[in-house]
Every structure is written in structure tokens, then in C-alpha cells.
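Down below is the structure, laid out as C-alpha cells.
The values are calculated or read from the model by the stated rules, or taken from the named source; none is laboratory data. As the structure is a computational prediction, the values presented were derived from the model and not from experiment. A quick note on method: Cβ atoms are made from the backbone with ideal geometry, for glycine too, and the neighbour counts reach across all protein chains shown. Remember, those area values only see protein heavy atoms, side chains included, never the ligands or the DNA or RNA. Shrake-Rupley method; radii C 1.70, N 1.55, O 1.52, S 1.80 Å.
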Amino acid sequence: MRLHRLAAAAYFAIALGSVVLGLVAGSATPAWLVTMWYPPGEAVGGSPLLPVLGGLLLLGLVNAWMFWQVLRRPAPAGVPMGRAARWLRVLLYANVVWLLIPSYLPDLVETAIGLALWMPALVLLTVVVTGSGRFFRLALLLFGLAEPVSAGVDALAGDPRPLTLMIPVHVVVAGVAALVMMVMVLLAQRRDGRWSRGTLLVGAGTFASPFLVELVDALTRGSTIESIAEAMDVLYVVWLARTARELNPELNREPRRPAPLRLPTAVTAVAAVALLMVVGPEYAPRLTYTWRSEGGMDCWLRSTPPRVADVPVHERDRAYLCSVRKSGREVSDQELIGKGKAACARFAGGEPVRARPALLALLCPEVIGRRHPELLLSSAQVERQRVEERSRRREQLRREARAEDARCRDPWPALRTRFQATASYYDWDGQPYGIYDAEADTSGDAETIWDAYSTETLAVSGQLALVFTPAQDWATCVTAKALRSAPPPLRRRGWDKVVEADIVSGSGRLVMQTLSASRVRFPDLARGGPGRYRLRLYTREGVDLILVYPARR
């Protein structure tokens, strides 16, 4: 038995024995070490044992096939090989050895060794192959150098990129260049005629392997995908070994034109089945616009659907699907649109529907608009209506306030002063009105008054006074008069309550807050400049009279 067959059989026997040992011991570690050639991670312990061992057994079989391919002796040559071909064969086998030996060197060192082995081999490959023009070889060399340069830059930079979902542009460009390079190498090998169809098929599998790995990843879970990925990587090693082994001199070429590269029927059938498994059956169609789909990342659940006038006609189906709340089961967009159209038909016939009219307006605006014309307005039109309504409301309040002001009279006309005003105040929500220093921060005084809440009509703290008018269904006429001296003694007849308190004005200005919608503006009530003032409040049902004058020193 030749060396390559003996090595393949011995390795597979060891791999099979490690899998059996793993079944007996209940651990995938022995088989993992034999087939993967590095210690298992934490994910292996949390994965089901049988799928992991099944993947490792498959990897053991693939590795045995790899040893059978790599250890085969090169085909005999009729004449001595040229210097470039001999060095290319040496470098290709050196790449195979480097890829097979487990390495624990730093990333920068590993990258440097890999580039030192592969880049000269790529240059020699463009020199050795025949049947391709100079421009084709130059393009092959440029595409082949893109990925090693990108890897070298990342290794030297220490990969300082932040952890984001965005892949750097140079990485994408290098990956595309590597795929193009592999296709060009296979075309060059086919045109050259030295390499067999099996070598070309293995090479085609090297750049098809990432798609197979994604397929297996979609169908499996846990650590099984790691063993399948390793099995796919074996194809590249085998392609390198077969390329080196079949690198025969010019005279060993077949005189006939190389046969076209055709995939076996079994490979085509397996690829078709794999594609159907990825796409999925017809009863579970892929979603497009809805919030559960990957293609609809710009969709979001809305508490209210967008207005139909704000959405272009060609985007209304999409807006409808984005706004539909879905149940736990996957429902296709076509089914959702169909249900919406059926609801529109029932709505047109006067039947009750569960869907909101604002939502159905995105599908059938002409039907919904007959009974709800307001739903066909744009957001700008709705906002304009709101502004106009607020303006009408404010004007109505101003008219009512002026009418209330006109009904109010001075309750003490005999006590005249040039600094007085009378206006109406409506106690809408039990809130008081106040007198305060215009230039002072009275927030602390307000907190003091509210913390010491009482049933008093007048509450004063520092530079703020609040007048609590009893809740009622009509307006209160408020008259405030600023005096330079104390008024006549208290006159209680005709009033329900008369109270007094001191208020301070540090700036020399005491103002009355604007009362409701009244347009009356009260004058400055501090006629004696900065200092302490006396505030006297007369109150009865519907009438308040406030006198403000300097307090005695």
C-alpha cells in the first residue's frame, strides 16, 4: 500500500475511534482534537453531542481524503521542468504544509509568513501558465495581490476598527478581488491544459465553499458549523496540492484541446436542492415590507398609520404593510394586502370591519373618503385646521373677556387714584392669581406658600402674594389700586372678608399677573419704590378689591 493510501486509512481509523470514544465518554473533546487539531471552546459543551460528533466524523473523512490527495507523488515528467515551474511547485507544497501545521504565533507573524509563501507563488503562477495573454496575467496578478495587501494592512494596524455592523470598504474590495482572482486562475489552468478536470472542480469548490457554509449555518446550530467550515477549507489545501502535483512540463500536455469544464449531474442536483432549502417552500414566502422581515429594516410599528395624502401612490401598499401589527405567525405581504382589500369591500357595502378606517385609507382612499373625508387631508392641512381652530378659540375667549370686563365696575369709586385697573378673572381650574415683584425670582416663595397650604383667601411669602378665589361658575371682577399712603380705616360693611398682609418689593415694581384672556393691563402697584408694602384684600361673591400702599416704617 502506498504512503498516501496508508496515511488516509490510518487517519480515518483514528478519527472513527475518537468519535466512538466520544460516544462512550459522552464528550466531543477527543474527536475534536483529532479532527480540528486545536482545543474545543465553551460552545462545544453547550451543543448537542450527536450533531457535533456527526460533523466531526464528516470532517475526519474529508481530512482522510485530503491526506490521500496531498501525499500523492507528482506525476512523472518526460523532460526536466523549468526553474520557474520547480520553484512554483516548491512554494505550493510549502503553502500546503503551512496551512496544515497548527500555529500559535502572533497574528502579525502568521500574516507575514503567509504573505511570504503565497505572493511569490502567485507571481510564478502567472509566469508558468500559458494560453493567456499578457494583459490577462497582469490583471490576475493585481487581483491576487489585493487580499494579501489588505490582510497585511490590518495586521500592521492591529485591527483598530470599532466593533460595528459596517464592514470596511477595503475588506469588501479585497474579498471580491479574491473571488475574481480564483475564477481567473481556474480559467488560466483550463486554457493551459496541464491540469485535470478534477483539479478544476476542486478549485471551483474553494470559492463556492463560503456559500455552502452559510447554507449549513442556516440548517444547523451549535458547534456543527465549525466542523463543516473546516471541511470546506480542506478544498483549498487539496487544490494547492493537486496544482503542484500536476505541474508537468510542456511535453506532458495532452495534444488535444482541453475539455470544457462541466459539472457532474449529481453536483448540479445537490446545488439545486440546497438552493431550494435556503429559499424555502412556497407556503412560507419571504416577507418584504413588514417589520419581521430583514428586507424591511426601515419599517417600524406605528401607533397611528401615516396619512394617505402624505404617502406617494406607489408607496401606499408599503406604508400599509409597515403599519399592520402582525401576530406571532408569519403572514405574507400578499395575504395581508388581500385581507385589507376585502375589508375595503366590506366597508364600501356598509358592513362593520375590524380595521381602522385611517389604515384602510392607504389601500382604498376613494372608498374611505366617502364617509370619512377628513382622513384624506394631508398633515399640513390638518395642522392648518388646528391653527385656525386655536385662533378662533382665542378670539372667542378675548371677546368673552372683553364682555366680562365691560360688566365689571369699580367697587369703591370714591377712592380714586390714577394707578388702578379693573378686569374680569375666571377661575377655570381653581388656580389663584397673584401679585409679585417683576424682577425677582419668586419660585421659592411659591413653594413656601404651597407647602403651607391653607384655606386662607390671601397667602403671602416674601415678594409673592396669591389670591385664592372660591371656585364658581362665573367670573370675578378684580380691581387693584396703588396708593401712595394708607387708605381710610377698614370698611367691612358690604364685604364677606377683609384681610391684610405685607409684601416686599426689592426692585420697586409690583405687578398683577394677566387675568385669563382679559386685555386689561394693570399698572405698577409699588408707588413708593423699593421696600415693604401693605396689601389689603376686600372680597365678596364675584368681586375682589385690592389696595396696595407703603407699609409704615
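Could you tell me which of the residues ARG384, ARG398 is assigned to a helix (DSSP H, G or I), without any contact (Cβ under 8 Å) to a residue 12 or more places away in the chain and out of contact with any strand residue (DSSP E or B) (no Cβ under 9 Å at 6 or more places or on another chain)? Can you show your working first?
Working: ARG398 fails: without any contact (Cβ under 8 Å) to a residue 12 or more places away in the chain.
None of the others qualify; the one that does is ARG384.
Say we look at segment 352-392 and pick out the residues that are among the charged types (D, E, K, R) and at pLDDT below 90; which of these is least open to solvent (accessible area, probe 1.4 Å)?
Of everything passing the filter in segment 352-392, ARG356 is least open to solvent (accessible area, probe 1.4 Å).
Which count do you get for residues in segment 344-353 that are over 18 Å from ARG318 (Cβ atoms), touching a helix residue (DSSP H, G or I) at 6+ places or on another chain (Cβ under 7 Å) and in a helix (DSSP H, G or I)?
2
State all residues of segment 53-81 that are part of a helix (DSSP H, G or I) and either exposed (fewer than 15 other Cβ atoms within 10 Å of the Cβ) or modelled with pLDDT under 80 (or both); if no residue qualifies, say none.
GLY55 - this is the single residue of segment 53-81 that is part of a helix (DSSP H, G or I) and either exposed (fewer than 15 other Cβ atoms within 10 Å of the Cβ) or modelled with pLDDT under 80 (or both).
Within the group ALA174, ALA178, which residue is within 29 Å of the chain's Cα centre (by Cα) and modelled with pLDDT of 60 or more?
ALA174
Out of segment 419-446, which residues are in contact with a Pro (Cβ under 8 Å, 6 or more places away or on another chain) and either at pLDDT 90 or above or surrounded by fewer than 16 Cβ atoms within 10 Å (Cβ to Cβ) (or both)? Spell out the reasoning first.
From segment 419-446, those in contact with a Pro (Cβ under 8 Å, 6 or more places away or on another chain) are 419-421, 427; that's our starting set.
Selection gives PHE419, GLN420, ALA421.
Which of the residues spanning segment 409-441 are within 21 Å of THR457 (Cα to Cα) and either in a loop (DSSP other than H, G, I, E, B) or of a type in the set (S, T, N, Q) (or both)? Before you say what the answer is, go through the steps one by one.
Keep residues of segment 409-441 that are within 21 Å of THR457 (Cα to Cα), which gives 410-412, 421-437.
ASP410, PRO411, TRP412, THR422, SER424, TYR426, ASP427, TRP428, ASP429, GLY430, GLN431, PRO432 - these are the residues of segment 409-441 that are within 21 Å of THR457 (Cα to Cα) and either in a loop (DSSP other than H, G, I, E, B) or of a type in the set (S, T, N, Q) (or both).
Exactly one condition in (1) within 24 Å of ALA446 (Cβ to Cβ); (2) open to solvent by less than 20 Å² (accessible area, probe 1.4 Å) is not met by SER507; state its number.
If we test SER507 against (1) within 24 Å of ALA446 (Cβ to Cβ); (2) open to solvent by less than 20 Å² (accessible area, probe 1.4 Å), just (2) comes out false.
Taking segment 459-483, which residues are in a loop (DSSP other than H, G, I, E, B), at pLDDT below 90 and out of contact with any helix residue (DSSP H, G or I) (no Cβ under 8 Å at 6 or more places or on another chain)?
Passing the criteria: PHE468, THR469, PRO470, ALA471, GLN472, ASP473, TRP474.
Regarding PRO102, is this residue part of a loop (DSSP other than H, G, I, E, B), at pLDDT below 80 and under 27 Å from ALA244 (Cα atoms)?
yes
Per-residue answers, yes or no, for (1) in contact with a Leu (Cβ under 8 Å, 6 or more places away or on another chain); (2) not aromatic (Phe, Trp, Tyr):
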residue	(1), (2)
LEU59	no, yes
PHE67	no, no
ARG86	no, yes
SER132	yes, yes
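If you go through segment 354-370, how many residues are assigned to a helix (DSSP H, G or I) and free of Cβ contacts under 8 Å to residues at least 24 places away in the same chain?
First pass over segment 354-370, keeping only residues assigned to a helix (DSSP H, G or I): 357-360, 365-370.
Filter once more, keeping what is free of Cβ contacts under 8 Å to residues at least 24 places away in the same chain: 357, 360, 366-367, 369-370.
Going through segment 354-370 one residue at a time, the tally reaches 6.
Sort out which residues of segment 1-30 are within 16 Å of LEU71 (Cβ to Cβ), open to solvent by 70 Å² or more (accessible area, probe 1.4 Å) and part of a helix (DSSP H, G or I), and write them in order of number.
Within segment 1-30, LEU3, ARG5, LEU6, ILE14 meet the criteria.
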